[in-house]
Amino acid sequence: MRISFSSMETYKQCPLKYKFKEINRLKEPKSKEAVFGTIIHATLKYMYDPALIAPGLEDALDYYSKNWNSDVYEVEAEERAAFSQGVRIIQDYYERNEIADATIVDLESRFAIEIGPDDDRHIVSGIVDRIDRTKDGYEIIDYKTGKKMPSQDQIDNNLQLSIYLLAFLKRYPKEYENLENITVSLYFLKHGQKLSSTRTVEQLEEVEQEFLDVITQINEQIYDPIVTPLCGWCGFQRECPMWRHKFKDERQIDSDEVHEMIKSYIATKSNMITERRELAVLQKNIITYMDQEGVERVFDDDGVVARSERKTYKYNEEVLRDLLEPKGLWDEVTKIDGIALKKVATALGVKEKRTIEKSKEIKSTSQSLTVKKK
Ligand code: SF4
């Protein structure tokens, strides 16, 4: 199988989204965020272009403005805010980085590496934003335009950085000896922060297996939807069974009857939750009253409320094992509780049943109320 890193990420985010994109070949409308990310990435590539004499801030902003894409914005204010955010990112980048000091090895470097056992090879492809030569080794950098910053732990285990490093090492195998001096970094442009890490040979070996696991699932055609906040950015909501109904008005499919049915279900369900809470409070108060009066039942014109006590027991595992193992019944008791023991009790004699009874202790007690209506 040939698969790009981003397709694999899509599968991990939501297998159904992967199916829409890669199997059904449906076109996903470009999101504002994706278009914004593309422009920022292109500007950064321009800033580091080795064919140019390190462009200054004004040049970079000029490039950014000329390549700005307003097609995805319907609201002018929204477009203005996004454009300004891009300007801020570029200004901040210039404040924090000396563009001319970087020794660029490659920009938007394409890779395709083979993974898997000899008789079942797969190709993973992708694009690395930037590779720099550093004092002792190299730095592999990927730019992020999203808002969310991960923890250092997530960076240390980030799959994307690991696969980028693997791709780099396929190209420069000698650098395996210098692994501790190869840094992998994610640059979070909206925060102006770069988080870096390194990898060991063992970690890189595990990464390959992680990829193979995903490939196995794709080959098994497992395409279940996974609803997460990321659905908000998914362009397939109108096709997705988890969201399609939300667009019913566009398709004019629902009758008033269906509308009423859903509305009434939601109302009933929320009433049930409220009532359950009210019931718990009433039960507590009635039990307190019963304790005060020293009674087990209370009477009213509508009926009688009676209290009952429920006990749960725990059994002495050692005693049970000694008793059941010789009879070959121990394996049948996967969980030690009254229900499981009842099942095996038919094979036991009176004395043995008594031993089990003696081995049990009360684990917890709870009270409940039953109602008998007049
Ligand atoms: S809307 Fe959510 S659940 Fe549906 S395909 Fe997209 S990501 Fe998956």
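Table: residues versus (1) part of a helix (DSSP H, G or I); (2) more than 30 Å from residue 82 (Cα to Cα).
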position: 120; (1), (2): no, yes
position: 126; (1), (2): no, no
position: 129; (1), (2): no, no
position: 141; (1), (2): no, no
position: 147; (1), (2): no, no
position: 155; (1), (2): yes, no
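Filter the range 1-37 for residues that are open to solvent by 20 Å² or more (accessible area, probe 1.4 Å), more than 16 Å from the ligand (Cβ to nearest atom) and in contact with a Ser or Thr (Cβ under 9 Å, 6 or more places away or on another chain) and give the result.
Hits for the range 1-37 are 2, 4.
Sort out which residues of the range 218-237 are within 17 Å of the chain's Cα centre (by Cα) and not hydrophobic (A, V, I, L, M, F, W, C), and write them in order of number.
Within the range 218-237, 223, 224, 225, 228, 229, 232 qualify.
Specify the residue that is modelled with the lowest pLDDT; the eligible residues are those in the range 309-344 that are open to solvent by 50 Å² or more (accessible area, probe 1.4 Å) and polar (S, T, N, Q).
Step by step, filter the range 309-344, then rank; the result is 334.
Six or more apart or on different chains, Cβ under 7 Å: which pairs go from a residue in the range 1-23 that's in contact (Cβ under 8 Å) with a residue 12 or more places away in the chain to one that's among the acidic types (Asp, Glu) and more than 8 Å from the ligand (Cβ to nearest atom)? Could you list them?
From residues that are in contact (Cβ under 8 Å) with a residue 12 or more places away in the chain, the pairs are 7/22; 15/224; 16/224; 21/28.
Quick check on my filter: what residues within the range 167-186 are touching a Leu at 6+ places or on another chain (Cβ under 9 Å) and either open to solvent by 10 Å² or more (accessible area, probe 1.4 Å) or farther than 21 Å from residue 6 by Cα (or both)?
The answer is 175, 176, 179, 182.
Counting only residues that are outside the structural domain of residue 149 (by TED's automatic domain parsing) and either aliphatic (A, V, I, L, M) or exposed (fewer than 13 other Cβ atoms within 10 Å of the Cβ) (or both), give me the helices (runs of 4 or more DSSP H) lying completely in the range 193-306 with at least 2 of them.
Per the criteria, 248-251, 256-293.
May I ask you to verify whether residue 292 is polar (S, T, N, Q), without any contact (Cβ under 8 Å) to a residue 24 or more places away in the chain and away from the ligand (no atom under 16 Å from the Cβ)?
Spelling it out, residue 292 is indeed polar (S, T, N, Q), without any contact (Cβ under 8 Å) to a residue 24 or more places away in the chain and away from the ligand (no atom under 16 Å from the Cβ).
If you go through the range 210-237 one residue at a time, how many are more than 13 Å from residue 13 (Cβ to Cβ) and near the ligand (Cβ under 6 Å from one of its atoms)?
1
The values are calculated or read from the model by the stated rules, or taken from the named source; none is laboratory data. Being a predicted model, the structure only gives us computed values, none of them experimental. No Cβ is skipped: glycine too gets one built from the backbone with ideal geometry, and neighbour counts run over all protein chains shown. Accessible surface areas use protein heavy atoms only, side chains included; no ligands, DNA or RNA. Shrake-Rupley method; radii C 1.70, N 1.55, O 1.52, S 1.80 Å.
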